[in-house]
Amino acid sequence: MVSRSHSGHIRRIVTVSDAEGYSRLPYADQRDLQNHMADIQDQAAVNARLDRRQGIIQVTGDGDLTAWPPETNELNLISDYVRELAAEVDR
């Protein structure tokens, strides 16, 4: 079910990530961190039964902005994804 506002616009939840200390890293380490951050977020989404790759992902260098698909289960995103993201970061 797609979430629409009263005006008919499609509603999406947006999440943002950022890596602390990114600009101090050498280029090769920055690239590795970008890839690792994407992997962490993708795995957290899978663990939370969400499909992040169906969203709109804008890479910002030291993080990204994800506009989740409109049909994303908000409760799963807010509770399960955040919990799984923390677990993936700890791993």
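The values are calculated or read from the model by the stated rules, or taken from the named source; none is laboratory data. Computed from a predicted structure; not experimentally measured. A quick note on method: Cβ atoms are made from the backbone with ideal geometry, for glycine too, and the neighbour counts reach across all protein chains shown. Keep in mind that these areas ignore ligands, DNA and RNA; they rest on the heavy atoms of the full protein, side chains included. Shrake-Rupley method; radii C 1.70, N 1.55, O 1.52, S 1.80 Å.
Using per-residue counts of other Cβ atoms within 10 Å, averaged over each peptide, order 24-31, 65-72 from highest down. All intermediate terms of the calculation are to be shown ahead of the outcome.
Details: 24-31: 10.4, 65-72: 17.8.
Going by the mean number of other Cβ atoms within 10 Å, highest first, we get 65-72, 24-31.
Over the C-alpha atoms of the chain, what are the Rg and the largest Cα-to-Cα span, Dmax, in Å?
14.4, 48
With a 1.4 Å probe and every protein chain left in place, work out the accessible area per residue of the chain in Å², rounded to a whole number.
Heavy-atom SASA per residue in the chain reads 69 Å².
Of the heavy-atom accessible surface of the chain (probe 1.4 angstrom), what whole percent is carbon and sulfur? Show your work: numbers first, answer last.
Details: 3290 of 6240 Å².
About 53 percent, which is the carbon plus sulfur part of the accessible surface.
State the extension gain, in nm to one decimal, for the chain segment bounded by LEU33 and ILE56, taking 0.36 nm per residue of separation less the distance between their alpha-carbons.
Working: separation 23, 0.36 × 23 = 8.28 nm, distance 2.02 nm.
That works out to 6.3 nm of additional length.
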